[in-house]
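Asker: Below is one structure. I have some questions about it.
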Amino acid sequence: MKDNKTLGHALQTPVKRRSVLKAGAAGVAGGLLMPGAARVALADDKKPLGAWPAGAEGDSIVLGLTVDLTGPYSAQGAAQQRGYELAVEHINNGDPILKEISPDLKKGVLGKPLKIVSADAETKPNTGVQSATRFIHDDKAMMISGSTSSAVAIALEKVCNREHTPYFTAISGSNETTGVDCQRYGFRPCYFAYMACKAVAPVAAKELGKNRKAAYLTPDYTYGHTTTQSMKEFTEKEGWTTVTNQVHPLGAKDYSSYLINIANTDADVLVCVAYGADAANAIKQAKQFGLLDKMKVVVPYSSAYIEEEVGADLMAGVILAQGFWWTMQDKYPQAKHFVEAYQKKFKGMPRDSSFYAYLAVMVWAAAVERAGGLYPPDVIKSLESGAVLNLATGPFSIRPEDHQGIVNFPVMRGKKKADMKNPDDYYEIIQIVEGKDVLPDLGVLGCKLGDYV
Amino acid sequence: MSLFFSQLFNGLTTGLLLALISTGLTIIYGTLGVINFAHGALFVVGGYAGYTVYGLTDSFVLALAGGSAVALACGLVMERGLMRKFYSRPPEDQILVTFGLSIILIEIIRGIYGGVSLSVSPPEWGMGIARIGSLIYPMYRLETLAIAAVTLLVLYFILYRTSLGLVVRAGIEDAQMVDALGINIKRAFLVVFGLGAMAAGFAGVVNSPIVALTPDMGFRYLVESFVVVVIGGVGSFPGAIVGGIIAGEILSLTAMVNPQYSDVMLFVAMALVLVFRPQGLMGQEGRE
């Protein structure tokens, strides 16, 4: 958290200076080139904000996407890119699926097609911030979305808040994204650490027993620390004790010394908070060190494709949460339609990264249609209206007080290879958790949203 | 106390593995004086090529050969196409060009294999678990101790006990003079660069059953290799081994006390070496 603050501070100065310069230039250009727009703006008492009004006046509306195509979370970033593409295709073609999602959605947004500009955020906050600033100033993006690392997501929501441009995370697990670092212009549609841990802890206690002794592997940044904190809190309520917490750097390759430390304790559950390739590495090496013969594994916030990376043999019996799993189509007809559309366009089954990217575009588009325009404060207020969308995880809405998505997600158990009905059948869903049941009470995580203008 | 000995032992095996991983860097840096920032990428290329060969042939030995061969080919192409034009340029140019090459190599790998990490299982002779007192240790990691030791010995012999090494080191001092003596110095440089690339690729295959393969893994190994080379001394083979073991012990023993600080302590050690013995523990003073 401390690192995060320092980084945010370091980022602020140059961005501020540049955006002031650019905003000044844009203002001058706007005044010269678009007298009509300026008059309208004055008449409505609406000052230019972010890329508005320029971004609302073109033939298409631009979405700026910051996806991690390189770095430790590149697999998730590539999956997000696919989700965004699918959503934009559905909206631009006026796919029938739109009507099922929300009556507000139509072909195009305000009758205009959507256009994607995207850049590789490299799983680095400063690269993401540079891309987002460029999208808003140069491409006139009216919405920014994309993230896998919470460090990137928090940096992006801060810069988008300053630029008065709605920002939607794709994946962000840290409690701080809609907690102490929440922003008026930042939204997190996906589930996160607190929700996941509150849901997973009772299931794990039921499956593995009370009085378990847990050892944690925690990546050393905001997501890791807040997830471990939440998981400790909720498992200790179930009677578990925390024996050791091994904090490792993000992107660590060799877990041997941490695993030897854990082997030296009497822990019988390994809680793997590591995400992406880190989780795959940690679980694989835990097996090599003989830990999995005596310990059960719990992954409170698991990453897309972890099952492919680790393999069914090691995933069997692992208890985890994931944002979306394709067998949810047995419960929600929307999930079936989403999976079919995804399979038609891309190969393979969609994962939560693709789903959350798709969700972000739909939530934003429906809000813009309801607002009847792109003036940023109106769009934000529309997003805060509590309107419900029907998506692959069932009914979805945004909590107006902290901009957290009220979203359902599955808690699952890894299947044995022999029990898999097809190569994608990695998990058995133990429970589909209702988002509203596991949200933190308002104020618990310290969110204070800022002003609209 | 048993935890201490466990970590001490783990530091040794981790350290020798680090020494093996950093040899490619030492070879090219120590003989040609080029700081090869593509070292991590060549390590990854070797790992992925080994993965493919292992998948096709089911033989880990062939995977080692295949991974090394592909990295060697990459190294030879790099040297012929670009690097030989950079020997006389300043180090920052060499860093930039090798860094650029590493990005290209890594993105080619990502284009072919995707970003989802891949898993390589240890060969049959490396499966299973060894029990050393109370310590449970993967068999394969024990065997990497031997693999690393033998490889380091062979490379040392090639570079320091054959005429090739002599020619190259003379060529670094005065390429024109060596050329005038009728020795094909360009070819010697090519061979050494290829050897360095091959060593990186070989280490990539040896390491692949231990970690999950990702296109980005090379960067971390590049940094760790640099630490090993700086601590041990530039271009010194015994230095690379000493540096590797020291780095391994620091990582392992600090993790025993407070895992959060293990990375930090590694760089503290490097900084201390740079302050008190800039040429590295086993390096020669004044060597470029």
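The values are calculated or read from the model by the stated rules, or taken from the named source; none is laboratory data. Everything numeric in this text was worked out from a predicted model, so none of it was measured. Backbone-built Cβ (ideal geometry, glycine too); neighbour counts: all protein chains shown.
Asker: So which of B:Val242, B:Val229 is part of a helix (DSSP H, G or I), touching a Phe, Trp or Tyr at 6+ places or on another chain (Cβ under 9 Å), away from chain A (no Cβ under 14 Å) and within 13 Å of B:Leu18 (Cβ to Cβ)?
Answerer: Just a single option satisfies the conditions, and that option is B:Val229.
Asker: Of the residues A:Asp441, A:Asp419, A:Asp402, only one is under 19 Å from the mean Cα position of the chain (by Cα) and of a type outside the set (S, T, N, Q); which?
Answerer: A:Asp402
Asker: Could I ask something else about it? Go through (1) free of Cβ contacts under 8 Å to residues at least 40 places away in the same chain; (2) outside the structural domain of A:Gly55 (by TED's automatic domain parsing); (3) out of contact with any strand residue (DSSP E or B) (no Cβ under 6 Å at 6 or more places or on another chain) and name the single condition A:Pro400 misses.
Answerer: The number of the failed condition is (2).
Asker: Which of the residues belonging to segment B:81-119 are more than 10 Å from every other protein chain (Cβ to nearest Cβ) and in a loop (DSSP other than H, G, I, E, B)?
Answerer: B:Leu82, B:Phe86, B:Tyr87, B:Ser88, B:Arg89, B:Pro90
Asker: Exactly one of these conditions fails for B:Val211: (1) outside any helix (DSSP H, G or I); (2) surrounded by fewer than 19 Cβ atoms within 10 Å (Cβ to Cβ). Give me its number.
Answerer: Looking at each condition in turn, B:Val211 falls short on (2).
Asker: Which residues, counting only those in segment A:303-324, are in a loop (DSSP other than H, G, I, E, B), crowded, with 20+ Cβ neighbours inside 10 Å and within 14 Å of chain B (Cβ to nearest Cβ)?
Answerer: A:Ser303, A:Ala304, A:Tyr305, listed by residue number.
Asker: If you don't mind, there's one more thing I want to ask. In segment A:242-256, what residues are facing another protein chain (nearest Cβ under 7 Å) and more than 15 Å from A:Leu270 (Cα to Cα)?
Answerer: Matches in segment A:242-256: A:Pro249, A:Gly251, A:Lys253, A:Asp254.
Asker: Going by the conditions given, is B:Phe276 within 14 Å of another protein chain (Cβ to nearest Cβ), surrounded by fewer than 24 Cβ atoms within 10 Å (Cβ to Cβ) and farther than 30 Å from B:Ile112 by Cβ?
Answerer: When the stated conditions are applied, B:Phe276 does not pass them.
Asker: Any residue at all in segment B:137-145 that is within 13 Å of chain A (Cβ to nearest Cβ), in a helix (DSSP H, G or I) and among the basic types (Lys, Arg)?
Answerer: Yes, because at least one residue in segment B:137-145 is within 13 Å of chain A (Cβ to nearest Cβ), in a helix (DSSP H, G or I) and among the basic types (Lys, Arg).
Asker: Within segment B:123-153, how many residues are at pLDDT below 90, among the β-branched types (Val, Ile, Thr) and buried (at least 19 other Cβ atoms within 10 Å of the Cβ)?
Answerer: 1
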